[in-house]
Amino acid sequence: MVCAMPPIPIAIEPPLLQVKDLRVTFGLDEGVVRAVDGTSFDVRPGEVVGIVGESGCGKSVTMRAILQLVDRPGRIASGTILYRDRNGAEINLTNLSPRGPEMRAIRGAEIALIPQEPMAAFSPVHTVGSQIIEAIMLHAGQSGRRITKAEAREITIGLFRDVGISIPEQRIDSYSWQLSGGLRQRAMIAMALSCQPRLLIADEPTTAIDVTTQAQVLELLRELRRKYNTAIIFITHDLGVIAQMTSYVVVMYLGRVMEQGPVDQIFHSPKHPYTRALLRSIPSLYGETRTALPVIAGSLPHPFNRPAGCPFHPRCPEAMARCAVAQPVLLPVGDNQAAACFLHHEEAEA
Amino acid sequence: MSEVPLFDAPLLQVRGLQKFFPIAKGFMQRVTGHVRAVDGVDFTLNEGETLGLVGESGCGKTTASRCILRAIDPTGGQVLYRTRDGRVVDLASLPQRELAPFRAEIQMIFQDPFGSLNPRMTLLDNVGEPLLVGGMRSRSERTDRVAELLKLVGLRPEFMHRFPHAFSGGQRQRIGIARALSTNPRLVVADEPVSALDVSVQAQVLNLLLELQERLKLTFLFVAHDLSVVRHISDRVAVMYVGQLVEVAPTASLFSRPRHPYTAALMRAVPVPDPRVPPADGALRGEVPSPANPPSGCYFHPRCRFAQAKCATETPPLREVAPGHMTRCHFADELTLAGA
Amino acid sequence: MSATAPAAEGAVVEDRIAVASNWKLVWWRFRRHRLALVSAVVLAMMYAVVLAPDFFSTQNPEATDARQAFIPVQGIHLFHDGKLDPWVPAIAGKRHPVTLRMEWSIDPNKRVPVSFFGRGHRWYVFGLFETNVHLLTSDDPRQRIFLLGSDRLGRDQWSRIMHGTQTSMTVGLVAVALSTILGVVLGGLSGYVGGKTDSVIQRLIELLQSVPTIPIWLALAAALPRDWTPIQVFFAITVILSLIGWTTLGREVRGRFLALREEDFVLAARLAGCSRMRIILRHMVPTFASHIIATASLAIPVMIINETSLSFLGLGIRPPAISWGVLLQEAQNIQSLALAPWLLIPGLVVILAVLAFNLVGDGLRDASDPYSN
Ligand SMILES: Nc1ncnc2c1ncn2[C@@H]1O[C@H](COP(=O)(O)OP(=O)(O)OP(=O)(O)O)[C@@H](O)[C@H]1O
Ligand SMILES: Nc1ncnc2c1ncn2[C@@H]1O[C@H](COP(=O)(O)OP(=O)(O)OP(=O)(O)O)[C@@H](O)[C@H]1O
Ligand code: SF4
Ligand code: SF4
Ligand SMILES: [Mg+2]
Ligand SMILES: [Mg+2]
């Protein structure tokens, strides 16, 4: 048996990516949606960071913000996103123009995204292979290397083999709609890996596929990380996948980080009431059956109707008077673990 | 149609249910083959119990449940339903007209909380529609009943003049449940009712379903692909693979000692929400075969770790290997499979 | 506390949206498109002209006067000496000594006073009540004014455009209404009944779509008896246009029907025991009504162009009836570009109408599904 994830030498290596107090807003006619409202976390080289949170908590928007791909009318309102590139230089991605050459060079080559919608990622009118070949040639061109189409094709076939697609010489010429869900997901991972990114963002890469296929894809991602030491940000709302895949976990709620910490601490000594409630509410393969599950009371507020104070306070079983008026900041609560909750500290946001 | 009153018969007995979809090709739309979406499914459902139906995408869960509801017409087999006065009728062979009296008794909860309510009708009209077509003409009577139903599923009755777009996924699912319960059904077929919901909302809806079952003595056919959810809510579980049931057993028995290699593989694939449990190795290889062209013999043999020569040629029958525990594997007695 | 204010406001917005019906949501979304909204106002004004073109005319569109041919655009001034006192600059004519053509020039020193809601030629409101009130008339009945110039027979182009607007916009609307009915009925039948009916209707659509339209028009229009009255020709043209034009809409309706049949809420209605009729009328039709309106408003400009082209080719509406196409056809008779470029103004009107319809249609199409996103 292999262990879930080898421990990461955290203190030694400087972070690859630092997201600091990121805020993304969508100005709609009905009001302003604060989709991401002060999110901070780090990603170290070779680490797998899991981001969990319920639908609409801003996971995808945060990732798109990192890549400067936020859809209109959304915009990054404030915050910094520091990325350490191959030469060790630190770049603030929020300062780059979304369509400029620097950002385009980072997308794909440095940071690659496996997007949430599996169908939308490939164009239906070109073969899967031709789209990957094109991406490889484009990035080679940007970094000043010359590469022939035949070479790019060879690389693509190799990638397909790497991600476990059988008969890659044939599959490379199929269209995305001809592939099964699992194969399409693998092709997408191959596409994301095509330029050997140092950071891979996987936005719910297994939500649309079956458990047995999911198990295959997770195994593949684990293997790729071992092989290439690619850092991965893994987004999901499946706590099982988080436990099995990641080494560090960020728990988000309504656009804010509630708690973050090493995976073992998050699961075995969660500090934030939201994390605790979330862990309790999942049915498991071991617990008692046909009994009421402990639930989080109430429901997610409408995006236009964010509560003041701690965003979780209307649903928090441990809420205090203070929670309704002041917003707690994210502060260390243990070894490499941090929580935004007044149960653990007094610090409120100015 | 059998007219003999049988009060101790199961509420629903499905026998040899089949649904084949024709594959039409070319300009003339000639039928060149069939998708054997449901290929001989047998199970019983006792009054007041929950049967979980699990399986991977495309294995025929939705098709089977829609055949039972007669939303589509089955190709073959029987769906024997025991009516309130003890008669047993075969829903599979009744013409649409004669189904009308049973529509109110068998209701459905849908997977997609966004597509299952008419966005252009208020909650009152959405939830009250089965009442209206069932003959409750008076609007005030309907208003009272809808208010009662909304309260039952944990929504405020004042919401009934709102449109579905004002509600979150979990709330819409509650509205869908209220609609299904409006006619006092006996059997509720829930097709993946929590798959589209967030973890915290999923727990709320599962609790609601359990509570309603207790209160209203409902019988559930609960379709899902999430093993943990199915385990949590079901009394018995049926596992489906390529249009067939491969295992049917009481929940505890199935999870502690699965008798079919596919069931065991499915359980192993579920990621355990505990980082101290190492990832299970030996994930199932290959892909689910197409129901248009299933493998010979045991449908699972191309992926089965225990397959032997016999498996490729002989189709194993669904047989009882322990009390109430049915499985479709030649070697069920010899294999010792790890459960969850 | 300031933080609670936006939250309370959010709650109000949420409540308002919660009880908003489909049409309200469509309207809220539509009015976000500035251009579409402006276009809708333009179209409203055009349809006001359709209702009573005579009211907007300054004179009888048929009144000829050979001595007043090819008068250029006079334009209108609303203020005089800082007061609201509309006037039109006077025109002075001089015959060219060599070409013997009249040459008109604006006399900046002389004003022709005009007034709003003055009296002019007689006309009937909706063909019922007689009146002689007009939006704008010359104060001196013998002094004719030509806001947009005159044509080769000395007829007033402004008044002719008003009457042309009535014809052309009506053809567009009626033809689209007819083809919508055809499209919805045949497309709906095709989609709902399926089977043989569907095949027959689909083949018919394919047939109609594969025949090039211009020859069909030519054939059908040529088949119209020459001795029909302009009104009869007008209706015949409308019917011809809609017989050919319903196919796209038919396809769309069929597609929506097929897609809707698979929707969960339609299945839910079936399982609730709703009759077929109730499912169609209560669940399916309202769901695509807004799409149909959007598609129809995008079809109107096509019809208008079709009518204009037919009439321009001399195959559609014929003088003495007036339509935009007829006006353009007359402009084609002379070297109007050089001599009387203002006779091409009807072309601008066509462009304006087509643009306005397209913008409104686009806005409606975006707004027609308020539940997406
Ligand atoms: N294009 C957009 N226009 C307006 N609001 C948007 C848009 N995209 C996202 N949002 C808002 O941003 C918030 C966060 O959305 P996001 O997609 O990041 O959620 P998520 O955490 O990825 O959820 P899921 O698990 O459903 O993928 C949502 O509340 C949504 O209302
Ligand atoms: N109307 C249809 N025509 C042809 N084939 C169909 C039709 N409906 C379903 N099928 C096929 O029948 C098989 C079973 O489909 P079904 O929807 O019942 O699966 P399922 O178990 O509910 O899957 P999921 O978990 O994805 O909902 C699939 O292979 C599907 O492609
Ligand atoms: S700050 Fe207060 S409301 Fe928020 S999680 Fe902590 S205890 Fe609960
Ligand atoms: S019959 Fe054979 S192939 Fe099928 S499950 Fe049993 S051992 Fe595996
Ligand atoms: Mg997302
Ligand atoms: Mg299904």
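Structure values in brief
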item	result
Residue-averaged 222 nm ellipticity for chain A, from DSSP H runs of 4+ at -39500 (n - 2.57), nearest 500	-8500 deg cm²/dmol
Spatially proximal lysines relative to C:Lys83 (Cα-Cα < 23 Å; intrachain offsets below 8 disregarded)	C:Lys110
Alpha-carbon gyration tensor eigenvalues x 5, square-rooted, for region C:93-189, Å	40, 21, 10
Cα shape, region C:230-369, gyration tensor, a/c 1.5 rule	prolate
Solvent exposure ordering (accessible area, 1.4 Å, most first) of A:Tyr228, A:Tyr274	A:Tyr228, A:Tyr274
Solvent-accessible area of B:Ser290 with every protein chain in place, 1.4 Å probe, in Å² to the nearest 10	60 Å²
Cβ-derived FRET efficiency at R0 22 Å, C:Ile351 paired with C:Val133, nearest 0.05	0.10
On Cα atoms only, tilt of A:211-228 relative to the major axis of chain A in degrees	70 degrees
Shape box of region C:183-285 [Cα atoms, principal axes, largest first, Å]	59, 27, 18
20 Å reach of a label modelled at A:Ser269, 7 Å along Cα-to-Cβ, counting backbone N of region A:320-350	A:330-346
Two-site FRET efficiency, B:Phe114 against A:Asp21, from Cβ-Cβ distance with R₀ of 35 Å, rounded to 0.05	0.55
Span-like helix ranges in chain C, DSSP H, alpha carbon extent 30 angstrom or more, Kyte mean at least 0.0	C:157-193, C:230-261, C:285-312, C:345-367
Cα Rg, Dmax, region B:218-340, angstrom units	14.5, 45
Cα-based Rg / Dmax (Å) for chain C	26.0, 88
Qualifying lysines (Cα of each under 20 Å from Cα of A:Lys271; at least 8 residues distant if same chain)	none
Heavy-atom accessible area ranking, 1.4 Å probe, most first, across B:Cys59, A:Cys195	A:Cys195, B:Cys59
5 Å binning of all Cα-Cα separations within region C:12-76, expressed as whole percents from 0 upward	4, 11, 12, 14, 12, 12, 8, 7, 6, 5, 5, 2, 2, 1
Cα-projected label distance for A:Glu288 with C:Leu224, points at 7 Å along beta-carbon direction, nm	8.4 nm
Distant alpha-carbon pairs in chain A (separation over 36 angstrom), percent	22 percent
Among C:Leu359, C:Leu298, C:Leu208, residue whose mean-square fluctuation peaks in a GNM of chain C (springs only between Cα atoms under 10 Å)	C:Leu208
Per-residue [θ]222 nm for chain B (sum of -39500 (n - 2.57) over DSSP H runs n ≥ 4, rounded to 500)	-8500 deg cm²/dmol
Tilt relative to chain B, helix B:139-152 - C-alpha long axis, 0 to 90 degrees, to 10	50 degrees
B:Lys217, B:Lys19, reordered so the largest accessible area comes first (probe 1.4 Å)	B:Lys217, B:Lys19
Per-residue mean of C-beta atoms belonging to partner chains within 10 Å, peptide A:172-184	1
Rounded to the nearest 10 Å², the accessible area of C:Thr131 at probe 1.4 Å	30 Å²
Top positive-direction residue, dipole computed over the protein assembly as shown with Cβ charges, set A:Gln68, C:Ser39, A:Ile235	C:Ser39
All Cα pairs of region C:276-355, percent lying beyond 19 Å	53 percent
Length-normalised contact order for chain C - Cα pairs under 8 Å, 6+ apart - percent	21 percent
Chain B - Rg over Rh from alpha carbon coordinates, Kirkwood radius	0.99
Relative contact order for chain A, counting Cα pairs under 8 Å that sit 6 or more residues apart, in percent	19 percent
Folded to 0 to 90 degrees: helix A:181-193 orientation relative to chain A principal axis, Cα	80 degrees
Selected from A:Ser143, A:Ser269, A:Ser247 as most flexible by GNM, with chain A as the system and alpha-carbon contacts under 10 Å	A:Ser143
Region B:239-294: C-alpha gyration tensor shape, a/c 1.5 cut-off, then a/b vs b/c	oblate
Region B:228-269: relative contact order in percent, alpha carbon pairs under 8 Å with at least 6 residues between	29 percent
Dipole of the protein assembly as shown, positive direction: furthest Cα of A:Ile282, C:Pro320, A:Gln216, with charges on the beta-carbon	C:Pro320
Charge context of B:His225, other residues only, Cβ under 13 angstrom, K/R +1, D/E -1	-4
Part-to-part distance (alpha-carbon centres) for region B:323-340 and region B:183-200, which is given in Å	29 Å
Fraction in percent of alpha-carbon pairs per bin - 10 Å, region A:114-187	20, 52, 26, 2
Net charge dipole size for region B:266-325 [Lys, Arg +1 and Asp, Glu -1 on Cβ; Debye, nearest 20]	100 debye
A:Glu169 accessible area, assembled protein chains, probe 1.4 Å, Å²	90 Å²
Two-site FRET efficiency, C:Phe126 against A:Val32, from Cβ-Cβ distance with R₀ of 41 Å, rounded to 0.05	0.20
Taking N as its residue count, the alpha carbon Rg of region A:41-128 over 2.2 N^0.38 Å	1.19
Protein accessible area in the protein assembly as shown, 1.4 Å probe - carbon and sulfur %	58 percent
Bins of 10 Å from zero: percent of alpha-carbon pairs in the protein assembly as shown	2, 9, 15, 18, 18, 15, 10, 8, 5, 2, 1, 0
At least 30 Å² accessible surface lost relative to isolated chain, residues of region C:224-264 (1.4 Å probe)	C:Asp264
Check: region A:2-140 dipole with +1 on Lys, Arg Cβ and -1 on Asp, Glu Cβ, in debye	200 debye
Of A:Lys149/B:Lys25; B:Lys19/B:Lys310; A:Lys59/B:Lys151; A:Lys59/B:Lys19, those spanning more than 31 Å from alpha-carbon to alpha-carbon	A:Lys149/B:Lys25; A:Lys59/B:Lys151; A:Lys59/B:Lys19
Helix-derived mean residue ellipticity, 222 nm - over chain C, DSSP H n ≥ 4, -39500 (n - 2.57), to 500	-19000 deg cm²/dmol
Test item: Cα-centred dipole of the protein assembly as shown, Lys/Arg +1 and Asp/Glu -1 on Cβ, debye	1600 debye
Accessible surface buried upon C-B contact (total; probe 1.4 Å; Å², nearest 100)	2400 Å²
Whether region A:260-305 is rounded, prolate or oblate, judged on the alpha carbon gyration tensor where a/c under 1.5 counts as rounded	oblate
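The values are calculated or read from the model by the stated rules, or taken from the named source; none is laboratory data. Keep in mind that what you see is a predicted model, and the values were worked out from it rather than measured. So basically every Cβ, Gly included, is an ideal-geometry build from the backbone, and we count neighbours across all protein chains shown. The area values use the complete protein model at the heavy-atom level, side chains included, leaving out ligands, DNA and RNA. Shrake-Rupley method; radii C 1.70, N 1.55, O 1.52, S 1.80 Å.
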